[in-house]
Structures are given as structure tokens and as C-alpha cells.
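Visitor: Encoded as C-alpha cells, here's the structure I'll be asking about.
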Amino acid sequence: MKPPLKVPVNLSSGHYDIWIQPGLRERAGAVVSGLTHSKKLGIVTDDQVAPRHLEPVRKSLAAAGIETVVAIVPAGEQHKNIETLGQIYDALLGAKIERSTPVIALGGGVIGDMTGFVAATLLRGVPFIQMPTTLLAMVDASVGGKTGVNHPTGKNLIGAFHQPIAVLIDPEVLRTLPERELRGGLAECIKHEIIRDAEGFDRLEKEIGKALALDVDYLADLVAHNVAIKARVVEADPFEEGERAHLNFGHTFGHAIESVSRYEYSHGESVALGMIAATRAANDLKMLDNSSRDRIEKLIGQAGLPIGGMKLDPQPVFSAMYFDKKVKAGKLRFVLPDRIGHVVIRDDLPERTIFEALRSLVA
Ligand SMILES: NC(=O)c1ccc[n+]([C@@H]2O[C@H](COP(=O)([O-])OP(=O)(O)OC[C@H]3O[C@@H](n4cnc5c(N)ncnc54)[C@H](O)[C@@H]3O)[C@@H](O)[C@H]2O)c1
Ligand SMILES: [Zn+2]
């Protein structure tokens with residue numbers, strides 16, 4: 001067995017490691033014992049993940065002498081709300097957890113965001129450990145400390161920053177993940193390469209087939225590389241005041257597509273189309289050469305993500321963008337690539353360029 005890959009994250013609020021290793025869920029007890037003296041631990045998970053992945057984690061914690069209190073909530077974004085938080089608080093407080101009792105999030109980004117918020121607020125803050133089980137949660141949601149839930153008036157409107165004491169990633173759990181979810185996670189991986197790493201982009205072009213074939217050793221490397229990219233961006237800008245905006249590449253267009261489609265396009269699919277639109281806009285403005293544009297489009301297509309054929313009228317998508325929370329002083333801000341591995345922020349795009357980029361997605 002290869003030793004775990006470890007990606008350190010250093011923030012002014014503290015240091016923690018992201019551990020990545022195939023089979024790590026069965027060694028969770030040993031890792032967690034090195035992080036806490038608590039003999040009790042809360043686990044929050046959902047009803048899709050629990051039957052597939054809870055038992056090995058509990059067993060390994062039990063073998064390390066750690067008793068677990070489990071809260072299982074219904075799966076899905078529609079349950080990412082304060083009602084579900086209430087269920088989690090009830091379960092954990094009912095089991096008399098203490099200030100020093102860590103809480104593990106075992107699940108996708110929905111479970112990670114909710115559990116992080118619970119950990120930030122329960123008894124004014126308990127230690128938080130992430131065990132992300134979707135590719136998106138591994139490479140994106142589990143890094144950065146953003147936690148929270150949705151409100152009927154909008155997504156992620158209630159929340160807090162709360163950093164974990166560790167993130168434990170076992171790529172083997174991706175074997176049970178629906179393929180559409182895997183492709184959605186790849187959209188964020190492609191995003192990371194485009195904004196930060198030309199060599200990583202080259203490698204992904206050659207090896208994306210291994211990710212789709214669920215080669216767990218390859219996935220371990222891919223996840224480690226991606227969390228490192230996100231961690232470096234977050235370290236440089238922990239409270240989203242500057243360069244962290246680069247992570248929104250594809251998301252200004254993408255959020256509008258997601259919402260106008262009423263979530264028919266998943267987040268990953270919307271971001272894929274959004275990255276295509278932003279890439280075409282950059283090319284249209286002569287910021288990005290044709291060959292880089294073509295490579296970006298090809299890689300997104302190879303991931304099985306949409307690169308055209310959008311079944312939405314561009315006009316409402318265009319209007320929806322102006323309601324995006326990232327609008328600053330009435331101007332839309334776009335993250336555009338000027339070469340593979342590098343992006344710039346622009347708030348002076350002609351409306352015609354934006355509209356044409358959207359219209360091109362319909363073809
Ligand atoms: N905090 C952040 O920085 C951040 C960043 C990006 C996204 N997010 C949030 O993440 C959420 C999306 O996360 P997601 O895409 O992981 O969705 P998700 O948590 O809803 O998981 C998707 C589905 O897959 C199931 N699932 C999870 N792991 C599985 C596995 N290994 N096998 C089988 N099924 C499995 C889940 O039960 C769920 O039904 C959104 O709420 C978004 O706001 C947060
Ligand atoms: Zn995203």
C-alpha cells in the first residue's frame with residue numbers, strides 16, 4: 001500500500017492536512033486518534049451515502065476505541081436547509097456531545113456544508129473533520145472553510161467560515177458515485193487547470209480517461225493535485241477579497257444557466273457551458289488564441305460534459321446574470337483565460353460579446 005498523500009493547508013487561523021489514500025475510510029480510526037483524544041465522535045451523513053460507506057468508517061473508529069453518534073439526513077440539495085440543521089442538532093445534542101467532540105461530515109458537498117455549519121455553531125464550535133464522498137466535494141467543497149445552508153430566497157445565504165481539523169479522502173468511495181456526479185466533479189478539476197496550471201491541463205488531456213474509468217490511484221493523484229490548487233488560492237485569499245474570485249471561472253455564466261434551466265442542467269454541466277462561454281468570449285476579444293480555445297472545448301467534451309446544444313433561450317440567461325450576487329456596482333465581472341493556466345478578471349465586457357458567447361452555446 002502506498003503511503004497517504006498529504007496536502008498541507010496553512011491559514012492564519014491554523015494548519016491542517018488533507019489526507020488522500022485509496023482505502024482510507026477503513027483506516028479512519030487510526031488517523032482520527034492522532035487528531036483527538038475524544039472517545040466519542042459525531043458522524044453526519046445522508047441516506048444515500050450511509051448504506052454504502054458508513055459501516056467501514058464506524059468499524060474503524062470502533063476499533064480505535066471511539067464511540068460514534070450518527071445523524072442520517074435525507075440526501076439532496078432540497079434538504080440543505082435550517083430544518084435539516086435542526087435534525088442534526090437534535091441528534092448530536094441528544095447524545096450529549098461535548099465541546100471537544102469532533103463531528104465528521106461523511107458525504108457530498110451538501111453534507112459537508114451543513115455539517116461544517118453545525119460544527120461552527122454547536123456549543124459555539126466543535127472540531128470538524130471532512131470525509132468527502134463526491135468528486136466535487138473532494139476537490140472543491142471540502143477546501144476553503146465555507147459552510148452553510150440555503151434559504152428560500154437564495155442558495156448558501158446562511159453560513160459561516162469554519163475550517164476543519166483534517167480532511168480524509170478515500171477515492172475508492174467514488175466507485176459508487178453516479179457517473180453524472182463524477183463528470184460534474186471533473187468540471188471543477190478542468191476549471192482548476194485552466195485558471196492555474198498549464199502542465200496539469202496537459203496531463204488531464206492525456207489521462208482523463210483514467211478518471212472516467214475510476215482508476216483509484218490516478219484519482220488519488222488527481223484529487224491531491226486539485227486540492228493543492230484550491231488550497232493555494234484559499235491561503236492567498238481566505239475571505240474572498242481578491243484572487244479567490246478566479247475560482248468563479250465559468251460560474252457567472254454557469255449560475256445563470258443552472259437557475260434558468262431550473263436545475264435541469266446540474267452544477268457541473270452549467271459550469272462546463274459557462275467555461276465554454278467565457279472561453280469563447282476571451283477568444284472573441286482576442287485575449288485567447290484559437291488553439292487554446294479549441295483545447296479547452298475538447299477537454300470539457302472529453303469529460304462527457306456539454307459544450308453546446310444548450311436547450312435554453314440565451315435572453316433569459318443573459319438577464320439572469322445581472323441578478324447574480326457577484327455583480328459589483330452594476331457591472332458584471334468575468335474571469336477570462338488569457339492562456340491555459342492563467343486568468344484575468346474583467347468588468348468591462350461589451351454586452352454584445354456576452355450575448356454572442358451565450359448564443360453560441362445554443363448551436
Ligand atoms: N463550501 C464550498 O466551498 C462549496 C464549494 C462547492 C460546492 N459546495 C456545495 O456543495 C453542494 C454540492 O455538492 P455535491 O455535488 O457533492 O452534491 P451532494 O452532496 O448533493 O451529492 C450528490 C448526490 O450523490 C450522493 N452521493 C454522495 N457520495 C456518494 C457516493 N460515494 N456514492 C453514491 N452516492 C453518493 C448524495 O447522497 C447525493 O444524492 C452544493 O450545495 C454546493 O453549494 C460548497
Ligand atoms: Zn462550482
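Visitor: Considering 204, 212, which residue is open to solvent by 50 Å² or more (accessible area, probe 1.4 Å) and either away from ligand 1 (no atom under 12 Å from the Cβ) or in contact (Cβ under 8 Å) with a residue 40 or more places away in the chain (or both)?
Guide: Values: 204 fails: open to solvent by 50 Å² or more (accessible area, probe 1.4 Å).
Result of the check over 204, 212: 212.
Visitor: Are there any pairs, at least 6 apart or on different chains, whose C-beta atoms fall under 6 Å, with the first in region 43-63 and over 15 Å from residue 177 (Cβ atoms) and the second of a type in the set (Lys, Arg) and modelled with pLDDT of 95 or more, and if so, which?
Guide: From residues that are over 15 Å from residue 177 (Cβ atoms), the pairs are 56/25; 57/25.
Visitor: Still on this structure, I have one more. Based on what the data block shows, is residue 51 more than 20 Å from the chain's Cα centre (by Cα), more than 20 Å from residue 149 (Cβ to Cβ) and either modelled with pLDDT under 95 or surrounded by fewer than 18 Cβ atoms within 10 Å (Cβ to Cβ) (or both)? Don't jump to the end; show me each part of the working.
Guide: Details: more than 20 Å from the chain's Cα centre (by Cα): yes; more than 20 Å from residue 149 (Cβ to Cβ): yes; either modelled with pLDDT under 95 or surrounded by fewer than 18 Cβ atoms within 10 Å (Cβ to Cβ) (or both): yes.
Answer is yes for this residue.
Visitor: Sticking with this one: Would you check which residues across region 297-318 are open to solvent by 50 Å² or more (accessible area, probe 1.4 Å) and either within 21 Å of residue 199 (Cβ to Cβ) or in a helix (DSSP H, G or I) (or both) and list them? Before the answer, list the steps.
Guide: From region 297-318, those open to solvent by 50 Å² or more (accessible area, probe 1.4 Å) are 298, 302, 307, 311, 313, 315-316; that's our starting set.
Answer for region 297-318, where residues must be open to solvent by 50 Å² or more (accessible area, probe 1.4 Å) and either within 21 Å of residue 199 (Cβ to Cβ) or in a helix (DSSP H, G or I) (or both): 298, 302, 315, 316.
Visitor: Could you tell me how many of the residues in region 75-121 are within 16 Å of ligand 2 (Cβ to nearest atom) and either aromatic (Phe, Trp, Tyr) or in a helix (DSSP H, G or I) (or both)? Give the derivation first.
Guide: Pass one, region 75-121, residues within 16 Å of ligand 2 (Cβ to nearest atom): 77, 80, 108-110, 112-113.
From the residues that got through so far, the ones that are either aromatic (Phe, Trp, Tyr) or in a helix (DSSP H, G or I) (or both) too are 77, 109-110, 112-113.
Residues flagged as within 16 Å of ligand 2 (Cβ to nearest atom) and either aromatic (Phe, Trp, Tyr) or in a helix (DSSP H, G or I) (or both) within region 75-121 amount to 5.
Visitor: Which numbered condition trips up residue 164, out of (1) out of contact with any Leu (no Cβ under 9 Å at 6 or more places or on another chain); (2) open to solvent by 20 Å² or more (accessible area, probe 1.4 Å); (3) away from ligand 2 (no atom under 16 Å from the Cβ)?
Guide: (2)
Visitor: Out of the residues in region 36-47 that are out of contact with any Pro (no Cβ under 7 Å at 6 or more places or on another chain) and surrounded by fewer than 18 Cβ atoms within 10 Å (Cβ to Cβ), which is farthest from residue 90 (Cα to Cα)?
Guide: Among those that are out of contact with any Pro (no Cβ under 7 Å at 6 or more places or on another chain) and surrounded by fewer than 18 Cβ atoms within 10 Å (Cβ to Cβ), it is 37.
Visitor: Among the residues of region 253-263, which ones are away from ligand 1 (no atom under 15 Å from the Cβ) and either touching a Cys at 6+ places or on another chain (Cβ under 6 Å) or touching a residue at least 12 places away in the same chain (Cβ under 8 Å) (or both)?
Guide: First pass over region 253-263, keeping only residues away from ligand 1 (no atom under 15 Å from the Cβ): 253, 256-257, 260-262.
Within region 253-263, 253, 256, 257, 260, 261 qualify.
Visitor: I'd like to know if region 237-251 contains one or more residues that are among the acidic types (Asp, Glu), more than 14 Å from ligand 1 (Cβ to nearest atom) and in contact (Cβ under 8 Å) with a residue 40 or more places away in the chain. Spell out the reasoning first.
Guide: Of all residues in region 237-251, those among the acidic types (Asp, Glu) come to 237, 240-241, 243.
From what is left, the residues that are more than 14 Å from ligand 1 (Cβ to nearest atom) are 241, 243.
Filter again for in contact (Cβ under 8 Å) with a residue 40 or more places away in the chain, leaving none.
Within region 237-251 (the criterion being among the acidic types (Asp, Glu), more than 14 Å from ligand 1 (Cβ to nearest atom) and in contact (Cβ under 8 Å) with a residue 40 or more places away in the chain), the answer is no, since none of the residues qualifies.
Visitor: Scan region 182-201 for residues that are open to solvent by 10 Å² or more (accessible area, probe 1.4 Å) and more than 16 Å from the chain's Cα centre (by Cα) and jot them down.
Guide: Matches in region 182-201: 196, 197, 198, 199.
Visitor: Mind listing whichever residues of region 1-26 are outside any strand (DSSP E or B) and open to solvent by less than 70 Å² (accessible area, probe 1.4 Å)? If you could, list the steps in order and put the result at the bottom.
Guide: If we filter region 1-26 for residues that are outside any strand (DSSP E or B), which is where we start, we get 1-4, 12-13, 21-26.
Answer for region 1-26, where residues must be outside any strand (DSSP E or B) and open to solvent by less than 70 Å² (accessible area, probe 1.4 Å): 4, 21, 22, 23, 24, 25.
Visitor: Can you name every residue in region 243-296 that is of a type in the set (D, E, K, R) and either open to solvent by less than 30 Å² (accessible area, probe 1.4 Å) or touching a strand residue (DSSP E or B) at 6+ places or on another chain (Cβ under 6 Å) (or both)?
Guide: 244, 258
Visitor: Determine whether region 248-258 contains at least one residue that is more than 17 Å from the chain's Cα centre (by Cα), over 17 Å from residue 144 (Cβ atoms), modelled with pLDDT under 95 and within 14 Å of ligand 2 (Cβ to nearest atom).
Guide: Step one: list which residues in region 248-258 are more than 17 Å from the chain's Cα centre (by Cα), which gives 253, 256-257.
Filter again for over 17 Å from residue 144 (Cβ atoms), leaving 253, 256-257.
Okay, now just the ones that are also modelled with pLDDT under 95, so none.
No - not one qualifying residue is present in region 248-258.
Visitor: Here's another thing I want to ask about it. Please go through region 142-159 and give me each residue that is modelled with pLDDT under 95 and either assigned to a loop (DSSP other than H, G, I, E, B) or buried (at least 24 other Cβ atoms within 10 Å of the Cβ) (or both), ordered by number.
Guide: 142, 143, 144, 145, 152, 153
Visitor: For region 122-141, what are the residues that are away from ligand 1 (no atom under 11 Å from the Cβ), buried (at least 16 other Cβ atoms within 10 Å of the Cβ) and part of a helix (DSSP H, G or I)? Steps first, answer last, please.
Guide: Pass one, region 122-141, residues away from ligand 1 (no atom under 11 Å from the Cβ): 122-129.
Those still in the list that are buried (at least 16 other Cβ atoms within 10 Å of the Cβ) too: 122, 126-129.
Within region 122-141, just 122 meets the criteria.
The values are calculated or read from the model by the stated rules, or taken from the named source; none is laboratory data. Source: prediction; values computed, not measured. Glycine gets a Cβ as well: all are built from the backbone with ideal geometry, and neighbour counts include every protein chain shown. What goes into the accessible areas is simple: the full protein's heavy atoms, side chains included, and nothing from ligands, DNA or RNA. Shrake-Rupley method; radii C 1.70, N 1.55, O 1.52, S 1.80 Å.
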